[in-house]
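Below is one structure, written out as structure tokens; comments come after it.
The values are calculated or read from the model by the stated rules, or taken from the named source; none is laboratory data. Here the structure is a predicted model, which is why all the values come from computation and not from measurement. Here the Cβ is made from the backbone with ideal geometry for all residues, glycine too, and neighbour counts use every protein chain on show. When the accessible area is computed, the model is the full protein with side chains, heavy atoms only, and any ligands, DNA or RNA have been set aside. Shrake-Rupley method; radii C 1.70, N 1.55, O 1.52, S 1.80 Å.
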Amino acid sequence: MNTALTLDVVSDISCPWCAVGLSALQQAIAQVSAQVSAQGSDPATEPPLTVSLRCQPFELNPQMPPGGQDIGEHLTQKYGSTPEQQAQIRETIRQRGAEVGFTFNTQGRGRIYNTFDAHRLLHWADIEHPAQQLALKMALLHACHTERQAMDEPEVLLAAVRAAGLDATRAQAVLDSELFAEEVREQEAFYTSHGIHAVPAVVINGRHLVSGGQPVEVYVQALRQVAAAS
């Protein structure tokens with residue numbers, strides 16, 4: 001296996017399946033990379049597999065006003081689901097998260113919020129500190145789904161920035177401006193124009209799409225197949 005894989009993970013902070021999928025994907029990358037290393041190929045003639053992962057923006061609810069909306073009310077309005085159905089789905093997601101090491105609050109998110117500023121910070125991290133973008137994404141997911149934080153509050157976003165080891169002063173300057181707003185909207189439009197209307201969606205090498213919060217083994221198979229064909 002002699003190749004480099006580029007993974008664009010299109011997802012939203014407020015999406016619980018995105019937390020499941022991204023956690024499973026990271027485990028899959030570790031598995032595939034470890035298997036390649038164990039094969040003992042000669043790096044002089046067969047360079048090892050390298051994987052580059054970028055988080056790309058998607059907003060499930062771009063019109064969500066400040067302060068958000070009660071999650072039960074929102075899901076009933078959007079999908080027509082009952083509180084009982086919502087509780088069942090929440091338990092399914094909690095179990096799937098536990099399988100891949102992501103902890104969901106047993107009470108759910110509580111409220112759902114506008115995530116545009118979070119995506120601006122993720123774009124900033126990708127531009128200026130790409131090695132830490134994934135850490136910021138995971139910190140934001142943790143704040144939303146484990147700690148039930150208000151994801152449109154600047155202090156919540158800045159706490160995630162600090163947890164990821166990034167410069168909170170620079171992040172505050174981004175939040176206080178319109179920096180990266182146009183770039184985020186352009187990226188969102190790019191992916192929706194290419195047929196991505198639900199998340200998470202993992203695009204491998206710009207061509208191969210894996211949709212939904214898949215189990216680890218599904219991502220492992222996809223990564224192997226693309227790498228072997230490259």
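When only residues in the stretch 35-46 that are part of a helix (DSSP H, G or I) and either farther than 17 Å from residue 216 by Cβ or open to solvent by 60 Å² or more (accessible area, probe 1.4 Å) (or both) count, which is modelled with the highest pLDDT?
Our first condition is that a residue be part of a helix (DSSP H, G or I); within the stretch 35-46, this holds for 35-38.
From what's left, either farther than 17 Å from residue 216 by Cβ or open to solvent by 60 Å² or more (accessible area, probe 1.4 Å) (or both): 35, 37-38.
On the way: 35: 79, 37: 66, 38: 68.
Looking at the filtered set, the residue picked out is 35.
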Mind listing whichever residues of the stretch 53-98 are touching a helix residue (DSSP H, G or I) at 6+ places or on another chain (Cβ under 9 Å), small (Gly, Ala, Ser) and closer than 30 Å to residue 154 by Cβ? 68, 72, 97
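Considering only the stretch 101-121, state which residues are open to solvent by 70 Å² or more (accessible area, probe 1.4 Å) and more than 15 Å from residue 140 (Cβ to Cβ).
Step one: of the stretch 101-121, the residues open to solvent by 70 Å² or more (accessible area, probe 1.4 Å) are 103, 106-107, 111.
Selection gives 106, 107, 111.
Do the conditions hold for residue 152, that is, is it over 25 Å from residue 69 (Cα atoms) and either open to solvent by less than 50 Å² (accessible area, probe 1.4 Å) or not in a helix (DSSP H, G or I) (or both)? Break it down into steps so the answer makes sense when it comes.
Details: over 25 Å from residue 69 (Cα atoms): no; either open to solvent by less than 50 Å² (accessible area, probe 1.4 Å) or not in a helix (DSSP H, G or I) (or both): yes.
Judged against the criteria, residue 152 is not a match.
Table: residues versus (1) of a type in the set (Gly, Ala, Ser); (2) over 24 Å from residue 97 (Cβ atoms); (3) touching a residue at least 40 places away in the same chain (Cβ under 8 Å).
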{"position": "123", "(1), (2), (3)": "no, yes, yes"}
{"position": "146", "(1), (2), (3)": "no, no, yes"}
{"position": "163", "(1), (2), (3)": "yes, no, no"}
{"position": "167", "(1), (2), (3)": "no, yes, no"}
{"position": "172", "(1), (2), (3)": "no, yes, no"}
{"position": "180", "(1), (2), (3)": "no, yes, yes"}
{"position": "187", "(1), (2), (3)": "no, yes, yes"}
{"position": "200", "(1), (2), (3)": "no, no, yes"}
Given (1) surrounded by fewer than 19 Cβ atoms within 10 Å (Cβ to Cβ); (2) at pLDDT below 95; (3) assigned to a helix (DSSP H, G or I), number of the condition residue 98 does not satisfy: (2)
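Within the stretch 101-145, work out how many residues are outside any helix (DSSP H, G or I), at pLDDT 95 or above and farther than 17 Å from residue 58 by Cα. Steps first, please.
First, the residues of the stretch 101-145 that are outside any helix (DSSP H, G or I): 101-115, 129.
If we keep only those that are at pLDDT 95 or above as well, we get 101-105, 111-115, 129.
Those still in the list that are farther than 17 Å from residue 58 by Cα too: 101-105, 111, 129.
Total meeting the criteria: 7.
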Got a sec? Which of 163, 135 is more than 21 Å from residue 17 (Cβ to Cβ) and hydrophobic (A, V, I, L, M, F, W, C)? 163
Restricting attention to the stretch 200-230, the residues that are in a loop (DSSP other than H, G, I, E, B) and open to solvent by 20 Å² or more (accessible area, probe 1.4 Å) number exactly 7
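Does residue 157 fit the bill of being in contact with a strand residue (DSSP E or B) (Cβ under 9 Å, 6 or more places away or on another chain), assigned to a helix (DSSP H, G or I), buried (at least 22 other Cβ atoms within 10 Å of the Cβ) and at pLDDT 95 or above? Don't jump to the end; show me each part of the working.
Values: in contact with a strand residue (DSSP E or B) (Cβ under 9 Å, 6 or more places away or on another chain): no; assigned to a helix (DSSP H, G or I): yes; buried (at least 22 other Cβ atoms within 10 Å of the Cβ): yes; at pLDDT 95 or above: yes.
It is false that residue 157 is in contact with a strand residue (DSSP E or B) (Cβ under 9 Å, 6 or more places away or on another chain), assigned to a helix (DSSP H, G or I), buried (at least 22 other Cβ atoms within 10 Å of the Cβ) and at pLDDT 95 or above.
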